[in-house]
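Report on the following structure.
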């Protein structure tokens, strides 16, 4: 690269004076420009290199390895791997445990994203003015965001404990039959969702609070002058203004619904009878418990595809939020 | 106005005059107060259960009213059963290691995006942006294989490595650097300072608030990481707090030692909660910039 450039430079400095410049002149113009561009860009590339090495190994490279791994299979954990094409993907799609996990994850996503965002928006609306009381309430609602999902699980294990647990102690008496919150396949997923909502609503509230700060003052004042009540103000000024915030929060909330599932590992292990098995848990089970890297990779690939498709829709929003290229 | 005599009026004293008689916002506020109390219940129970003596019996375990004879026995038991100082040390090492390397990578890359023009800038920007969506948690399987190949299975370095580069941090630093006037740098350029010297002596000192915002988001998120260290770490003495707590919970659950579990949880979350309560404003503004880490 370097020598190419030197020759190019020489030909610019002393055109046609040297015989050696003749081949350089016939060299395609593009190459010369590219190499000049590379030299000028070199300092930037060196600064980006450390980041690109790690991103290359653990992000882009990882995606590449997932694609390759998904195409190979071993008969036993020690057998040599052989190329099987799309067999792994077909096997995963035909696996009722996987389709079950996908269905569970869809229910879990809708059942956590919608309520936690609605609550977060309500919190933000009520606490948008700043005084000692609202600050204290915001801090209290934000506490669950800071604690590890594992710690939240430890607390909710007792809350959901049959008979002696917190829920049964206080609310259970009102019910004719005490439900087994984590042990009943019909209820366990909902119980898991409650934890997620509790943990994330305070986080999403922050984005809505920031969004509400940006609602133009004069639009609100015009509404007051016109005598618009709270609902019309919400419907015609606040909600349209917060559209980008809603979009952004929806994306993070959906990503969280796929990735933030530590409580499944700690509390239910996907049970009872796979009722709380989510996609990430399925991937973990295939890789760590069944040593089936092929199937785990195929499942990873499918979920990556789904998430990428989804986030592609919001790529523009995200790019402009990060300041554009 | 007396806040205790007219609490509602006092709370709504700064709303626009035209809306002062509206009922809906006040009902909404009351609902949020009620929900906040519900939100705090798990924490209240944790504190009450931690301080409750075993002599209160299993049926009093769910009471939110603290026991009249508070005890620190549960904390002592949890401290003895779980190897919490060791777990805390491991978590601290992981968070510090990640953060130190990240500081270097995001500063350099952030500077390149903020101040240099180079061929393929748009393409590289989108490559970085892509990392925000290729959430590392989803890539646990290929990354575990790579960490094992590098001989880093069951090491703290293996836990840290996938997070050494951060697109979020890069974009945050880029924003901070772009806000620094170029005139400052021109003086240094005349003095013949190299790129690295300019970054170190001009850009970094002027961007400390952004570094602290990034540090808060990075440390809280890696303090709470569970699945990745669970897969990489095998030896009990290398477990971080989250993995340690999950093992501890499983053991104590078997013996129905709920007071001990509450105490263990309290030990694990106390450092972050206390730091948050001290630096509340800073935490909140840092988290607003995060979104996707």
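The values are calculated or read from the model by the stated rules, or taken from the named source; none is laboratory data. Keep in mind that this is a model prediction, so the values were computed, not measured. Neighbour counts run over all protein chains shown; Cβ positions are idealised from the backbone, glycine included.
A few points about this structure:
- Subset of the stretch B:155-194 (residues that are at the interface with another protein chain (Cβ under 10 Å from one of its Cβ atoms) and farther than 30 Å from residue B:133 by Cβ): B:194
- When the stretch A:195-233 is filtered for residues that are in contact with a helix residue (DSSP H, G or I) (Cβ under 8 Å, 6 or more places away or on another chain) and free of Cβ contacts under 8 Å to residues at least 24 places away in the same chain, the ones remaining, listed by number, are A:219, A:220, A:223, A:224, A:225, A:227, A:228, A:229, A:230, A:231, A:232, A:233.
- When restricted to residues that are part of a helix (DSSP H, G or I), crowded, with 19+ Cβ neighbours inside 10 Å and more than 7 Å from chain B (Cβ to nearest Cβ), the stretch A:157-182 contains 2.
- Single unsatisfied condition, residue B:143 versus (1) outside any helix (DSSP H, G or I); (2) over 20 Å from residue B:176 (Cβ atoms): (1)
Here is a yes/no grid of residues against (1) buried (at least 20 other Cβ atoms within 10 Å of the Cβ); (2) within 22 Å of the chain's Cα centre (by Cα):
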| residue | (1), (2) |
| --- | --- |
| A:83 | no, no |
| A:88 | yes, no |
| A:96 | no, no |
| A:101 | yes, yes |
| A:105 | yes, yes |
| A:113 | yes, yes |
| A:127 | yes, no |
| A:139 | no, no |
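- Of all residue pairs spaced 6 or more apart or on separate chains, those with beta-carbon atoms under 7 Å, a first member in the stretch A:300-322 that is more than 19 Å from residue B:140 (Cβ to Cβ) and more than 10 Å from every other protein chain (Cβ to nearest Cβ) and a second member that is assigned to a helix (DSSP H, G or I) and modelled with pLDDT of 75 or more are A:317/A:244; A:317/A:247; A:317/A:248.
- Annotation: of all residues in the stretch A:206-225 being within 11 Å of chain B (Cβ to nearest Cβ) and under 26 Å from residue A:141 (Cα atoms), the one that is surrounded by the fewest Cβ atoms within 10 Å (Cβ to Cβ) is A:213.
- Selection status of residue A:41, at pLDDT below 90 and at the interface with another protein chain (Cβ under 7 Å from one of its Cβ atoms): yes
- Check on residue A:251, more than 24 Å from residue A:195 (Cβ to Cβ), at the interface with another protein chain (Cβ under 8 Å from one of its Cβ atoms) and at pLDDT below 90: no
- Taking the criterion of being surrounded by fewer than 24 Cβ atoms within 10 Å (Cβ to Cβ) and assigned to a helix (DSSP H, G or I), the only residue of the stretch A:273-283 that qualifies is A:281.
- Listing of helices (runs of 4 or more DSSP H) fully contained in the stretch B:1-111 that carry 2 or more residues being buried (at least 16 other Cβ atoms within 10 Å of the Cβ), in contact (Cβ under 8 Å) with a residue 60 or more places away in the chain and away from chain A (no Cβ under 13 Å): B:73-81
- Applying the criterion of at least 3 residues that are without any contact (Cβ under 8 Å) to a residue 40 or more places away in the chain and touching a helix residue (DSSP H, G or I) at 6+ places or on another chain (Cβ under 8 Å) to the helices (runs of 4 or more DSSP H) found wholly in the stretch B:195-293 leaves B:241-254, B:258-278, B:280-290.
- Checked against (1) more than 18 Å from residue A:91 (Cα to Cα); (2) in a helix (DSSP H, G or I); (3) under 23 Å from the mean Cα position of the chain (by Cα), residue A:270 passes all but a single condition, namely (2).
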